[in-house]
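Novice: So that we are looking at the same thing, I have put the structure below in structure tokens.
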Amino acid sequence: MDDGDRLRAAVSEHEPDLAVVDVRMPPSFTDEGIRAAQWIRDAHPGVGVLVLSQHVESAGAVGLVSQGGFGYLLKDRVLDVAEFLDAAERVAGGGSALDPQVVASLVGGEADALADLSDREREVLSLMAEGLTNSGIAQRLVLTERTVEGHVRNVLMKLRLPHGEDTHRRVLAVIAYLRASAGSAGRGPLGERNS
């Protein structure tokens, strides 16, 4: 599709398993693709969205990363057709595919900031990554919810995550944790484990 409106119309008409979207689309070639991707995820949650971009454009992508069925790949790093197809299949099936450079941008590039966390803060962050709420974390660690809130606040502060109405700081913290965990295991540009 050559613009966001035609893309939205085509998705509504055909309900594909996957929409591959360029970040920059006509008419302004700024963020039409990200806006179209968000619309697709809101209006058609069963449709996977794979965003392609020449450069990392983190504005608008944070909310999408927190949902399943989303991928964000950099065009110049998608060199292997089989890897691209694998990423597309994962996203179409409700999974995700994120280029490590995209993840680094979303967490502010502070990969070693996790080293500043205390053992308890790392434990809280790992439970956040499991999807637990503050209440769930408090129950698991036998702490008060207020204590957990303090640990979460410290984690977000130490990771130097950006404030903002459109920023899901908790999601970014989990992404930083997962990135650090996966980084030592050796992962490829599309998020798959290297053999």
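Novice: List pairs: first in the stretch 73-88 and within 16 Å of Ala19 (Cβ to Cβ), second acidic (Asp, Glu), Cβ under 6 Å, 6+ apart or cross-chain?
Specialist: Close Cβ pairs satisfying both conditions: Leu73/Asp99.
Novice: For the stretch 19-57, what are the residues that are assigned to a helix (DSSP H, G or I) and either of a type in the set (Phe, Trp, Tyr) or not assigned by TED's automatic domain parsing to the domain that holds Ala97 (or both)?
Specialist: Initial filter on the stretch 19-57 (assigned to a helix (DSSP H, G or I)): 32-43.
Of everything in the stretch 19-57, just one residue is assigned to a helix (DSSP H, G or I) and either of a type in the set (Phe, Trp, Tyr) or not assigned by TED's automatic domain parsing to the domain that holds Ala97 (or both), namely Trp39.
Novice: When the residues of the stretch 125-166 are narrowed to those that are modelled with pLDDT under 80, farther than 16 Å from Val65 by Cβ and in contact with a Gly (Cβ under 9 Å, 6 or more places away or on another chain), which ends up surrounded by the fewest Cβ atoms within 10 Å (Cβ to Cβ)? Give the derivation first.
Specialist: From the stretch 125-166, those modelled with pLDDT under 80 are 129-131, 160-166; that's our starting set.
From what's left, farther than 16 Å from Val65 by Cβ: 130, 160, 163, 165.
If we keep only those that are in contact with a Gly (Cβ under 9 Å, 6 or more places away or on another chain) too, we end up with 130, 160.
Values: Glu130: 10, Arg160: 12.
Restricting to residues being modelled with pLDDT under 80, farther than 16 Å from Val65 by Cβ and in contact with a Gly (Cβ under 9 Å, 6 or more places away or on another chain), the top hit is Glu130.
Novice: Look at Val62 and say whether it is closer than 15 Å to Val21 by Cα, modelled with pLDDT under 85 and either among the hydrophobic types (A, V, I, L, M, F, W, C) or out of contact with any helix residue (DSSP H, G or I) (no Cβ under 8 Å at 6 or more places or on another chain) (or both).
Specialist: Details: closer than 15 Å to Val21 by Cα: no; modelled with pLDDT under 85: yes; either among the hydrophobic types (A, V, I, L, M, F, W, C) or out of contact with any helix residue (DSSP H, G or I) (no Cβ under 8 Å at 6 or more places or on another chain) (or both): yes.
No: the conditions fail for Val62.
Novice: Among the numbered criteria (1) modelled with pLDDT of 55 or more; (2) surrounded by fewer than 14 Cβ atoms within 10 Å (Cβ to Cβ); (3) of a type outside the set (Phe, Trp, Tyr), which single criterion is violated by Arg169?
Specialist: (2)
Novice: Given the criterion in contact with a Leu (Cβ under 8 Å, 6 or more places away or on another chain) and either in contact (Cβ under 8 Å) with a residue 24 or more places away in the chain or among the basic types (Lys, Arg) (or both), identify the matching residue among Ser53, Ser12. Can you show your working first?
Specialist: Details: Ser12 fails: in contact with a Leu (Cβ under 8 Å, 6 or more places away or on another chain).
Just a single option satisfies the conditions, and that option is Ser53.
Novice: Here is a list: Arg24, Arg120, Arg90, Arg77. Which entry is at pLDDT 85 or above and surrounded by fewer than 19 Cβ atoms within 10 Å (Cβ to Cβ)?
Specialist: Values: Arg24 fails: at pLDDT 85 or above; Arg90 fails: surrounded by fewer than 19 Cβ atoms within 10 Å (Cβ to Cβ); Arg77 fails: at pLDDT 85 or above.
Of the residues listed, the single one that is at pLDDT 85 or above and surrounded by fewer than 19 Cβ atoms within 10 Å (Cβ to Cβ) is Arg120.
The values are calculated or read from the model by the stated rules, or taken from the named source; none is laboratory data. The structure presented is a predicted model; accordingly, all values stated were derived computationally and were not measured. Because the Cβ atoms are built from the backbone with ideal geometry, glycine has one as well, and the counts that use them run over all protein chains shown.
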